[in-house]
Amino acid sequence: MPYLNPYTALSVPTALSPEAEAAWLRQEKKRLLAEFELKDSSVVSIGGQELDKSGLLTLFAQLEDPDRRSWHRQVQNQPALQAFLEAASLDLFYEGKVAALAAQPEAFRAFIAPHFAESFNQRLFHAYRQRDAEEIAAMCTEPLPLPLTHHAACYRDTFRYLHQQVKEAEALAQAITQGQAPGGDIQEMCDEWVIGAINQLPAYFQVSRDRYALALEGLAMGVHNTHRRVKLSLFILRQGLKLRLSPEAAGRLQHLLDQLLEMAPAEAILDQLTGSGKSRWSGWWIAAGVGTLLVLALLLL
């Protein structure tokens, strides 16, 4: 269930003494439980969420524990954080407030971690699929302010999606090697947007980033060895080298690129068209257009 702040959801008055707050909560709990009977309903609406009786009792139980009560107050006092936990609003990141969370007590960060991870996973996955450079950068520039045990949950769906992209690239490389003619799917896998989105992801994705590059290496080899499409294979390798790779993966792609250029030195002129292999996603409106035209031309050669 998404995060629901009891103080906000129940509209608990501020500036109450602990004794007065406890009395107010007892009275509100009694009133809401009676509402189930009066309305003959299995749920009541609290803070924009519908809660059954068990959920309502759990909400009140959150305020019976002194630590949880304090943590809920801390969340309520940070509107951008509360908006992120409850509705995955990214103001916390765009306003540069996420970094400050790292300095807060570990117990508080562990308390918000499951809800933070749920919202983060949802928004990063959406941004990655949409190739939203600005949103990915906002979410991935600062280290996660959570204990390490929660990092996998933050990246879960994006990691799975990238893993599927790797598998698709590997399958295409195998099919091309076995005789399938190169087609438009190569363009998609080498697209500047795809390369840029993968590069925006943090170090957690480094192994997957390397695997994607090595899948492109296999694709380039299949294009060259099976179909003798030298220019297209060189283009695939150059696109792969635009990825932020480990030295080992970059070395493999560069070695193959050098070998192909030695066999076809005249094709080295493509270096002047595609650059040195460094990513220039900030100029996507130029790179994407040039890259698309170049791939289409190479596929027709």
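So here's what we get for this one:
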| item | result |
| --- | --- |
| Of all residues making up the stretch 105-135, the number that are open to solvent by 40 Å² or more (accessible area, probe 1.4 Å) and polar (S, T, N, Q) | 2 |
| Scope the stretch 136-145; condition open to solvent by 30 Å² or more (accessible area, probe 1.4 Å) and not in a helix (DSSP H, G or I); matching residues | Thr141, Glu142, Pro143 |
| Selection status of Arg129, closer than 18 Å to Tyr3 by Cβ, free of Cβ contacts under 8 Å to residues at least 40 places away in the same chain and under 14 Å from the mean Cα position of the chain (by Cα) | no |
| All positions within the stretch 39-61 that are within 22 Å of Ala87 (Cβ to Cβ), exposed (fewer than 13 other Cβ atoms within 10 Å of the Cβ) and modelled with pLDDT under 85 | Ser45, Gly48 |
| Cβ-Cβ under 8 Å pairs, at least 6 apart or on other chains, the stretch 146-160 side under 16 Å from His115 (Cβ atoms) and part of a helix (DSSP H, G or I), far side open to solvent by 50 Å² or more (accessible area, probe 1.4 Å) and of a type in the set (D, E, K, R) | Ala153/Glu118 |
| Unique residue being among the hydrophobic types (A, V, I, L, M, F, W, C) and farther than 30 Å from Ala88 by Cβ when the list is Leu148, Leu201, Leu214, Leu243 | Leu214 |
| Selection from the stretch 1-59 of residues that are closer than 18 Å to Asn77 by Cα and in a loop (DSSP other than H, G, I, E, B) | Tyr3, Leu4, Asn5, Leu10, Ser11, Val12, Pro13, Thr14, Ala15, Leu16, Ser17, Gly47 |
| Filtered residues of the stretch 69-98 (kept if of a type in the set (Lys, Arg), in contact with a helix residue (DSSP H, G or I) (Cβ under 7 Å, 6 or more places away or on another chain) and open to solvent by 70 Å² or more (accessible area, probe 1.4 Å)) | Lys97 |
| For Asp67: the one exception among (1) more than 19 Å from Tyr3 (Cα to Cα); (2) in contact (Cβ under 8 Å) with a residue 40 or more places away in the chain; (3) assigned to a helix (DSSP H, G or I) | (1) |
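The values are calculated or read from the model by the stated rules, or taken from the named source; none is laboratory data. Here the structure is a predicted model, which means the values were calculated and not measured. Positions of Cβ are backbone-derived with ideal geometry, glycine not excepted, and every protein chain shown enters the neighbour counts. Surface accessibility is based on the protein's heavy atoms, side chains included, excluding ligands, DNA and RNA. Shrake-Rupley method; radii C 1.70, N 1.55, O 1.52, S 1.80 Å.
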